[in-house]
Each structure stands twice: as C-alpha cells, then as structure tokens.
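I have placed the structure first, in the form of structure tokens, so that the comments after it can refer back to it.
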Amino acid sequence: MKDGFIKVAAASPVIRVADTDYNADRVIDCIRTAEEKGVKLIVFPELTLTGASCYDLIGHSVILRGAEKALEKVIKATEGTDILSIVGLPYAPRGGCLYSCAAVIYDGELLGIVPRTEVNGTPFTAVEPDEDVSSYFDAYIVSTDQLFTSKLIPALSVAVELGNDAKAIDAPANRHALAGATIIASMASFPATVYSTQNATEDVKYRSKHLMCGMVMAAPGKGESTTDNVFSGLCLVAENGKLLAIDERADAMAISEIDVQYLENLRLKSKAFKRGKYSYYEYEFGKEEVVTELTRTYRKLPQLPELEKDMGAYCRRMIDIQVSGLVKRMEYAGLDHCVVGISGGVDSTLCVMICAEAMKRMGLPSTNVVACTLPCFGTSSRTKSNAIIVAEQVGAEVRIIDIGESVYKHFDDIGHAHDDYSIAFENAQARERTQVLMDIANKVNGLDVGTEDLSEFVDGWCTYNGDHTSMYDVNMGLTKTQVRAGVRYIAQRTDDKVLADALWDVLDCPVTPELLPIQDDQIEQKSEDAVGSYSLQDFFTHKMMVCGFSPAKTMRLAKLAYGDEFTDDELKKWMQSYCKRYFSQQFKRSCLMDGPAVEDFSVSPRNGFLIPSDAENSLFLESLNSVE
C-alpha cells in the first residue's frame, strides 16, 4: 500500500440460491484468488451467502442458521490472510425485524456487522452487544455507522452501504464520506436490465466524484434465481469519477488500485470533509506495509481528454474560454485592437488566432489584430515565415519590426559588450519586444495580448517584465500540452491549406526563445534542452501540484506513463530541475497579469496555487533522493 495505493476487488461468484454452505465455498474461492493477486479489500454483493433472490425464504430459521454457519466458515478460512472481506447475509435480532447485513472480516476475525438502513420502511436502530450470547451476531455491535480503518494508512477508511440504500436521497454513503470513509463498499442487489450496466456505471462514477472517494460495487451474479429477473454479476471499481475496472460475467471480479492518498488530498483542498462530524464506531485492520503492484494506467497527457473523440469538444470549449475572456476585457476597457508579438511558436500562433476570433465576435475587422514580428539576433527564417503566414491568413495586419539596432543601442547605454552572450544579452531583447508591443497598443487603442503559457510560468521560462508581462494573457491557463492541442485542432479543421501547412510546421518546430545568435539559419537554442520535455513537465505539474503527490510518487507514475521514453536518470534529472525551478521562479508568478483559467488549476496570484517567493525546496528534493 505504498504511496497510498490499495488494491481492491469487487467479486460476484456464481452461487446457488439458499445453499449457504456452497456459497461460502465460492466466497472463500474468491478471497483466495483475490489474495493471490495482491488484493487488500474485496467486496461481495448483498446477501452473498443466501442469494439476493431468496424472497420470503430468507427469513426462515433454517436459512438464517445456515447463513450464520456459512459466515463462520468464511471467517475461519480468512485466518492468516491480509485482506478485508465484506460479505452479505440476513440477520434477525431477537424481537426485531429481518435485516440485510454486511459482515466485515479480517484475518479470521469478524470486525463488525453493518445493516441496510431500512427494510420495508422500518429504519434500523443500532443493536448493542449482548452478554448472554445465543447467536454469533449477539456479541457484536450492529450499526450502519462503522468505519474500518487501516493501521498503516490512516487515509484508508472503509464504510459499507447495502442495496437500495444507495438510491436514497440521503444515502448512507454521504454520511460515511463526511465521517471519513475514503472507500465505499457498495453491496448491490439490482437485477440486469437493458440499461442496468450503463445506469450503475454512471451512478458509481458520479457518486465517487461527488464524495471524492473510491467506490467498490458488486451486484448479484448469474447463480441467482431467474423467476422474475436475471442477474448479471456487474462489478465496478471507481475513483473520483473515473472508472478503473469493470467486469460482468459469470464469476466476475473487477480488480484495480484506489489511491486513497489522492482522495485525501482532494478533500483537504475542498475543505468540506471535516472528520469527526459524525460519531462512528471505528475498527482497525492491516498488518505490514507492502508495495502495491499497479495495474491501472496513467496517461502522459493528463490535461487532455482520454478519448480522441472528445478532443474536438474539449478544444472548442477551451478556445471559447480564451476568446470570451479577451472579448470581455476589451469591451470593458473600450479597446478595439489586439496587439500580439508573433514568433512562429505554438503559443503566439494560438494567441493570434484567438485574437482574430475575438475581433470577429466583436464585429470588428480582422485587420484590427496587429501582429508584430520582432526579429533580432536569434530569429530563424523558418519561424519568422510561419509567424507571418499564420497572421496573414487570419487577416491580421502584419508589422515587421527589427529590434536589433534598438537592442545594440541599449547595450551601449548600459555598457554591455555586443558579443557578451550572458543573461543580459537575452533579457534585453525580450524586454525591448515588450516595450514595443505595449507602446503600439497604446498608439492604436489596443490591448497587448500576452502569449506565455502555464507551463512556462510554472518553470519560470520567461524574462521578468519581458515576455512575462502583457496587458492580458489568453494562454495563462493553458499548459504547453493544451496549447499544442488547440493549434492541432485548428490545423485539422481549417479549409485554408496555406494556414494548415503553416500550423503543422509550427507544431513540428522545437520550442525556442530565439535569443542567442544562430548560424546557417538553424534553430539551435531549444527550451526543452534547458528545462526538459514540456510533456513531462505538464505531467509533473498535474501529479505534484494538482494531485498533491510527492516527487517520489510522481516519478513512479511517470515511469508507468512514459515507459522507455526516458531513462530513470533522465526522469530524476528533469524532476530535480522542476522542483528547483518551481520554487526559485515563484517571484515571477506572484505578479502575473490577468488571464482566464481553463481548468481548476492555475498559478494566478489572485486565485491560483500559491507559494511564497522564498519558500525552500529541500523537502521536495529529499523525497526525490529517496527514489531508488
């Protein structure tokens, strides 16, 4: 369970209705199979030991006694195992009603009995243990309000809901989550219908997202009675709105890993889950720390949709957010021109197209976009050409302003040698460009629209008060990954072949600041040589800053996502660089301009992820050094 991962299983064995001894054997088989696969929590359907379709037979004394003996058999079979097993059976307290219950078992011990909240309109009230034990159950508290918490990972806390309780307006799972449960064991009893799988999947995804929890759901299987219904054995595992595993067949078993550390981080951010709001009985389980083998996958591009079919709608929405923000800002300020510095890179390419769309939406001519290419010592003909082509094809006014002479004059003013290629040589060009763009904006009643993206602000790959600064930055909420997706989306859908060819070439060009002199018109200064792959950086940002993972855990997931694309040494090198730059470059993020967020995460100094400008990175680097 290292890094907060616990391997869980939802299991629906093929049983025989009312044959409790046989059913106990099937449950035991499932537990053994799950244990062999490293599972630490297994959840069965409601009334597993009798069958959910026993109808009135379920209250017969013979069936009740048989279920009790079957439970004892299962409990004994779990001796020496390190797996929390949750099994369903009927329970009838003396002088009370008949209830459907979950028996929570660990290492040959019954930890607790959790009842369904109500049956036939009769609400359940907690049953205290009876010293005069006449039934196996009588020695245990029977209550819906129970948590089963790991000794090793306090964030791992399991609670149980049964049957139709899941459909209640005030479902027990809501209270369980507020009490601290990070995993809900949902023991279902619904039959198969043409929509049952779809409905159950959507419900489990929604509730796990709403409650910021993991859900392990098992429905009755194909051994149930077919008198009035057929049962499918649907088994689901979900985490915070994402379906991790599904199985629906005879002897179904859905297995995956739930990250309770991630769920705890989400809840800490939300501030809505305050443990202790409800008083619950709490029991501990767990033996020793183990490294959970991960079978779930992690994507290299977590900011983008998982399915390609969703990419179009995603990019349209993303672009609409950018355009809407820009239009509102211009209308509020009474401005009618956009000024953009175009370099031929993906950021300025997307920006100039956003500006053109904003002019269209405002009913203004596209020539009100003033696209300025500002060549200097490191500008290649390839990037300059692409910048001009894209701007011309969207109808912008193109201005070519060579700033070389101005920069040399500035060097002379500050006593900087023309062949001294130190940081002042680079930053002077970036600041000169910003001055020109802002002054042109003032001159034409316009807005200097910034092109820097979220990835560059995260790693500080920008010149303070140079490309770092603008009057409004439409890319501020987009990672480099998302910017590229936006450009690719337009390239794939435009009918303008000239524009499309230029966009594809922009995407093919390496990211470059173009600040150092070049030879033979070849791009030599590449940003990713200095700060690492932007895809990798965006992955680090998502896992460390959005999900709250440690560098060590993020490295583990990066290895899964990228496979052999990077060596362990390369991953560690770029993670170390990322951790250092994230802290050291915060001063640039502390004074960022306005710009629209596209996702929940941003580095806006007003409502984004904030750290002090002089925070230490020692703990992050220490975590990284712990990686073998």
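Read-outs: derived from the displayed coordinates by stated rules, not from any lab. These figures come from a predicted structure and were not determined experimentally. Reconstructed Cβ throughout: ideal geometry from the backbone, glycine too, with neighbour counts over all protein chains shown.
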Cβ density ranking, 10 Å radius, fewest first, applied to Met330, Met311 yields Met311, Met330
In whole Hz, with x marking every Gly and Pro, tabulate ³J(HN,Hα) for region 234-239 from phi via Karplus 6.51 cos²θ - 1.76 cosθ + 1.60, θ = phi - 60°.
5, 10, 9, 10, 9, 9
Does region 2-285 classify as rounded, prolate or oblate by the C-alpha gyration tensor (a ≥ b ≥ c root eigenvalues; a/c under 1.5 gives rounded; else a/b over b/c gives prolate, otherwise oblate)?
rounded
Separation of alpha-carbon centers, region 1-78 and region 326-356, rounded to whole Å
62 Å
Which of Ala139, Gly233, Met212, positive extreme of dipole for region 2-285 (C-beta unit charges):
Met212
From the gyration tensor of the Cα coordinates in region 308-625, what semi-axes in whole Å does the equivalent ellipsoid have, largest first, with each one equal to sqrt(5λ)?
30, 24, 20
Which percent, nearest 5, of DSSP beta bridges in the chain are antiparallel?
50 percent
Quick check on the chain: what are the equivalent-ellipsoid semi-axes from the Cα gyration tensor, as sqrt(5λ), descending, whole Å?
60, 24, 20
Once amide H atoms are placed 1.01 Å from N in the peptide plane, what residues at a sequence separation of 5 or more from Leu147, or on another chain, have their amide H within under 5 Å of its amide H?
Tyr281, Glu282, Tyr283
Rough spin-label spacing in nm, given labels placed 7 Å along Cα→Cβ, for Lys360 and Asn229:
5.2 nm
Rounded to whole Å, give me the distance from the Cα center of region 448-503 to that of region 157-179.
45 Å
Select from the chain the helices, each a whole stretch of DSSP H, whose alpha-carbon atoms run 27 Å or more along the helix axis and whose Kyte-Doolittle mean is at least -1.0; answer none if there are none.
311-333, 423-443
With Cβ to Cβ distances under 15 Å as the rule, what net charge do the other residues near Leu234 carry (K, R +1; D, E -1)?
-4
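Around Leu57, with a cut-off of 15 angstrom between Cβ atoms, what is the net charge of the other residues, counting Lys and Arg +1 and Asp and Glu -1?
Cβ neighbours under 15 Å give a net charge of -2.
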When Lys and Arg each count +1 and Asp and Glu each count -1, what net charge do the other residues less than 13 Å away from Ser12, Cβ to Cβ, add up to?
-3
What residues have an amide H closer than 5 Å to that of Leu47, excluding those fewer than 5 places away on the same chain, when H is modeled at 1.01 Å from N in the peptide plane?
Gly88, Leu89, Cys101
Protection proxy ranking of 189-200, 204-215 - average other beta-carbon atoms within 10 Å, highest first:
204-215, 189-200
Neighbour-count ranking [beta-carbon atoms within 10 angstrom, fewest first] of His542, His416
His416, His542
Quick check on packing: order 144-153, 28-37, 343-352 by the mean number of other C-beta atoms within 10 Å, highest mean leading.
343-352, 144-153, 28-37
In whole angstrom, how far apart do the alpha carbon centroids of region 191-212 and region 588-609 sit?
35 Å
Derived scalar couplings ³J(HN,Hα) [region 460-477; Karplus, 6.51 cos²θ - 1.76 cosθ + 1.60; whole Hz; x for Gly, Pro]
x, 7, 7, 8, 4, 6, x, 5, 5, 10, 7, 8, 6, 10, 6, 9, 4, x
For every helix of n ≥ 4 consecutive DSSP H residues, a contribution of -39,500 (n - 2.57) applies; sum these over the chain, divide by its total residues, and give [θ] at 222 nm rounded to the nearest 500 deg cm²/dmol.
-12000 deg cm²/dmol
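With a cut-off of 8 Å between alpha carbons and a minimum separation of six or more residues, what is the relative contact order of region 199-329 in percent?
Across region 199-329, relative contact order equals 16 percent.
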